[in-house]
Amino acid sequence: MKYFQKEKECMPLEELKKLQGQRLAENFRHVYENVEYYRNRCKEAGVTPDDIKSLDDIAKIPFTCKDDLRQTYPYGLFAVPMKDVVRIQSSSGTTGKQIVVGYTKEDLELWDDCVARQLVAAGADENDTVQNAYGYGLFTGGFGVHGGATKLGATVIPISAGNTQRQIAFMHDLKATILCCTPSYAAYLGETLHDMGYGPDYLNLKAGIFGAEPWTEEMRHNIEDLLGIKAYDIYGLTEVMGPGVAFECAEQKGMHVNEDHFIIETINPETGEKLPDGEKGELVFTAITKKAFPLMRFRTKDIGVLNRTPCSCGRTFVRMSKPMGRTDDMLIIRGVNVFPSQIEGVLLQNNYPPNYQIIVGRENNTDTFEIKVEMTPEKFSDVVAENHKQEKALESALLSVLQIKAKVTLVAPKTIERSEGKAKRVIDTRKLHD
């Protein structure tokens, strides 16, 4: 078993908890003393740095949420002078005003360490060539992976997203061994490889590290078959750091949270009450080593479960499940909670590609729910009756999982637009009529 920082990744639990408690106390004081907005929030809650002495005191600390980041845009939550900030990154801003975050030189070093841990866990070392097809720019994916791969000593191809046939040509010619991008783009690369008349043996890839959007186990297996690799999940979000907050080991039974840098909790999203490990809830992160932009108890809106049973890889860090959807991505259709990941799972189980679009509307005060699904060339038929039969079979399979009827419309292969970044799965027009 290989590790990037074995003494940290395999730290005895008691030692880890003690370290977390010390770092929590130090970083909470740092935020309290340097961020006026958050200090006022703490005063309202009756909390001072003297109240935070160990890990057990974390529940006393007020939450931070995305609205706080919007209200303090751009620099209101920065905890160091701007002369100490060496990098600005930003979220996509798809759900409102962009979120701006900053890093000190030391913050970037820690970020590099976190991503390097994932690369080593996926079997990479200084002899590997990493094709980094995450977007470079304000999005954290490109620079996050780049820094970790460079720290490891691997060769980086900073190709960024897009130009899919060129991606495949470079992968082949430069003998890339590790691919990093979003899972939906990895699937598209695999499809394109197949359409070009090549199989996985055309490439030298052995592993892929995919994140930045939810994906199912079925999609993992689909990508692994298309590209002939082992596919690893990496988790992160701009507000907390970027990719590398949590990572999969070879066991692939959850992602290890880098607990020497982040404290993770699950809470009831309705009440904010802390939940015991093993119960599904909203994931909350506290940064305990970052200095420029260290959020305290940040509510991610991602839904997941924590597992503290020992992992056979030897790492002692807690494992979090793949996010099971987001509290803000969840669709409520005719009173039923629907997550896109549930639909994706059903499609893959029934041998359909994960290329689909969910269209929700409202007619006569009733929600309409349609799912457009691409057929594979093998399933595609000019016979209307045959397509209708396949649609009804898929509607039945979806009903048993979702507990709500959806109209399925099968469309020809390659007719749903592909994304080179995060896939756009949902079109919800109901907001237009509110």
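Which of the pairs Lys6/Lys230; Lys230/Lys274; Lys175/Lys422 have their Cα atoms more than 24 Å apart in this structure? Among Lys6/Lys230; Lys230/Lys274; Lys175/Lys422, the Cα-Cα distance tops 24 Å for Lys230/Lys274; Lys175/Lys422. Hey, quick one: spin label on Thr327, modelled 7 Å out along Cα-Cβ, who in the stretch 56-71 has an amide N within reach, i.e. under 20 Å? Answer for this model: 58-71. Please turn the phi angles of the stretch 47-56 into ³J(HN,Hα) values with the Karplus equation 6.51 cos²θ - 1.76 cosθ + 1.60 (θ = phi - 60°), one per residue in order, whole Hz, x for glycine and proline. Along the stretch 47-56, the couplings run 10, 10, x, 5, 7, 10, 10, 8, 4, 5 Hz.
Each 5 Å bin from zero up to the one holding the largest Cα-Cα distance in the stretch 59-163 carries the following percent of pairs: 2, 12, 17, 18, 18, 15, 10, 6, 2, 0.
Across the accessible surface of the chain, with the other protein chains kept in place and a 1.4 Å probe, carbon and sulfur atoms take up 51 percent. If one takes the longest principal axis of the Cα atoms in the chain, at what angle in degrees, from 0 to 90 and to the nearest 10, does the Cα axis of helix 384-402 lie? On a 0 to 90 degree scale, this one is about 30.
Length available on full extension from Arg166 to Gln342: 0.36 nm per residue minus the Cα-Cα distance, which gives 60.1 nm.
Taking all protein chains into account, the per residue accessible area for the chain stands at 44 Å² (1.4 Å probe).
Using helices alone, I'd like the mean residue ellipticity at 222 nm for the chain: each DSSP H run of four-plus residues gives -39500 (n - 2.57), total over residue count, nearest 500. Before the final figure, lay out the partial values.
On the way: 11 runs with 135 residues, N = 434.
My calculation for the chain gives -9500 deg cm²/dmol from helical runs alone.
How large is the dipole of the chain about the Cα centre if only Lys and Arg carry +1 and Asp and Glu carry -1, each at its Cβ, rounded to the nearest 20 debye?
Computed charge dipole of the chain: roughly 540 debye.
Packing-based ranking of 408-421, 135-148 yields 135-148, 408-421, ordered from highest to lowest mean Cβ neighbour count within 10 Å. Of the peptides 192-199, 280-287, 353-360, the order by per-residue mean of other Cβ atoms within 10 Å, starting with the highest, comes out as 280-287, 353-360, 192-199. Largest to smallest in accessible area, the residues Glu191, Glu363, Glu248, Glu109 fall in the order Glu363, Glu109, Glu191, Glu248 (1.4 Å probe, all protein chains included). Distance between the modelled labels on Tyr73 and Tyr198, one decimal in nanometres: 4.1 nm (7 Å Cα→Cβ projection).
With all pairs of different C-alpha atoms in the average, the Kirkwood value for the hydrodynamic radius of the chain is 22.9 Å.
For the chain, the longest principal axis of the C-alpha atoms and the axis of helix 36-45 are separated by about 80°. In the chain, the longest principal axis of the Cα atoms and the axis of helix 217-227 are about 70 degrees apart.
Considering only alpha-carbon pairs that sit under 8 angstrom and 6 or more positions apart, the relative contact order computed for the stretch 251-405 is 16 percent. In plain terms, the chain from Thr409 to Lys17 could stretch by 135.9 nm, reckoned as 0.36 nm per residue minus the Cα-Cα distance. Length available on full extension from Glu26 to Ala45: 0.36 nm per residue minus the Cα-Cα distance, which gives 4.9 nm.
Using the Stokes-Einstein relation with a Kirkwood hydrodynamic radius computed over Cα pairs, the translational diffusion coefficient of the stretch 289-430 at 4 °C and a viscosity of 1.567 mPa s comes to 73 µm²/s.
The values are calculated or read from the model by the stated rules, or taken from the named source; none is laboratory data. Remember, it's a predicted structure, so these values are computed and weren't measured experimentally. Cβ atoms come from the backbone with ideal geometry, glycine included; neighbour counts cover every protein chain shown. Quick note on the areas: whole protein, heavy atoms, side chains included, nothing else; ligands and nucleic acids left out. Shrake-Rupley method; radii C 1.70, N 1.55, O 1.52, S 1.80 Å.
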